[in-house]
Amino acid sequence: MTSGWCRRYLVAGVLWAALPHGASADGTPRRVVSMNVCTDQMAMLVAGKGQLYSVSYLATDGSTSALAAEATSYVVNHGLAEEIFLMKPDLVIAGTYTTRTTVDLLKRLGFAVEELAPEASIAEVRANLQRMGKLLGRQQRADELVGAMDAEIARLNEIKLPELDLALYYANGFTSGSGTLVADIVGIAGLANLAGKLGISGTGHLSLEALVLARPDLIAIDSSSERGPALAKQNFAHPAFRAVAPPQRTVQLDSRYTICGGPFTLIAANILQQAALKLDTGK
């Protein structure tokens, strides 16, 4: 981004700030732009008809978005300040890790920008849904979504499983340890996260050797792990992995349900629980 471009749009921003924005008399935004795949989906679920104008291009990608089909109904943005400026939103919603240059420039131009942090637990999903409801003036809708989530969690908790260890195993041997949204999902499903038991927190590395020695009851892999050759996925073809992860002990878990938090996140918990119920542990 050139300094000339920046100066031109800063001047335009001063003029823009002097114009009446599209928010209603009670402050409810009427033209909302989201520029992060996670805020995209949360906004799609909470916003009123015609309130959400644009979502990021990642929202239309079925490998990263649980609401990819729904996202095609919105104008797509690529997180560029110049394109969002021309959309004239009265509220921009971003993630805390969204391109800082764009976020900072939009703020300098006088746009209202709200940032939501990524969720590391279902409790944080609830909190972000409630915050989205307040931002969009849609608290009742947010309450309904939270209530539906709580009802589904209660249903999942009613199903009692034997004590089973589950390993989350991704490309390059990565896993999700304690303090992650996926770990919370595993617990809601009624399973124990192997990575947490091994002292791994956050996103960490789980060696193939450690996986084989632990011999978890169930292994969850991303559904894309076996599509196409890639050096990052070579562990999945290793004989040792095949031995510890036969088909009956492996469950495909789409990352689109776990990358971001939302009611759809509980689809992942249901997938894991159903796989555990079908599992013949031999114990």
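The values are calculated or read from the model by the stated rules, or taken from the named source; none is laboratory data. Computed from a predicted structure; not experimentally measured. Positions of Cβ are generated from backbone atoms using ideal geometry, with glycine treated the same way; all protein chains shown enter the neighbour counts.
In the list 54, 73, which residue meets the criterion of being of a type in the set (S, T, N, Q), more than 12 Å from residue 93 (Cβ to Cβ) and surrounded by fewer than 24 Cβ atoms within 10 Å (Cβ to Cβ)?
Working: 54 fails: more than 12 Å from residue 93 (Cβ to Cβ).
Being of a type in the set (S, T, N, Q), more than 12 Å from residue 93 (Cβ to Cβ) and surrounded by fewer than 24 Cβ atoms within 10 Å (Cβ to Cβ) holds for just one of 54, 73, which is 73.
State which residue is surrounded by the most Cβ atoms within 10 Å (Cβ to Cβ) when the search covers only the stretch 104-160 and only residues that are in a loop (DSSP other than H, G, I, E, B) and over 20 Å from the mean Cα position of the chain (by Cα).
By that ranking, first place goes to 111.
Could you tell me how many of the residues in the stretch 60-69 are more than 16 Å from residue 265 (Cβ to Cβ) and part of a helix (DSSP H, G or I)?
2
Considering every residue within the stretch 274-281, establish whether at least one is buried (at least 18 other Cβ atoms within 10 Å of the Cβ) and either assigned to a loop (DSSP other than H, G, I, E, B) or modelled with pLDDT of 85 or more (or both). Spell out how you get there, then give the answer.
First pass over the stretch 274-281, keeping only residues buried (at least 18 other Cβ atoms within 10 Å of the Cβ): 275-276.
Next, only the ones that are either assigned to a loop (DSSP other than H, G, I, E, B) or modelled with pLDDT of 85 or more (or both) stay: 275-276.
Yes, the stretch 274-281 contains a residue that is buried (at least 18 other Cβ atoms within 10 Å of the Cβ) and either assigned to a loop (DSSP other than H, G, I, E, B) or modelled with pLDDT of 85 or more (or both).
So which residues in the stretch 38-50 are surrounded by fewer than 24 Cβ atoms within 10 Å (Cβ to Cβ), touching a residue at least 40 places away in the same chain (Cβ under 8 Å) and either in contact with a Cys (Cβ under 6 Å, 6 or more places away or on another chain) or not in a loop (DSSP other than H, G, I, E, B) (or both), if there are any at all?
45
Restricting attention to the stretch 56-64, does a residue exist that is under 20 Å from residue 145 (Cα atoms), modelled with pLDDT of 95 or more and either out of contact with any Pro (no Cβ under 9 Å at 6 or more places or on another chain) or among the basic types (Lys, Arg) (or both)?
First pass over the stretch 56-64, keeping only residues under 20 Å from residue 145 (Cα atoms): 59.
Checking which are modelled with pLDDT of 95 or more leaves us with 59.
This time we only want the ones that are either out of contact with any Pro (no Cβ under 9 Å at 6 or more places or on another chain) or among the basic types (Lys, Arg) (or both), so: 59.
Yes, that holds for at least one residue.
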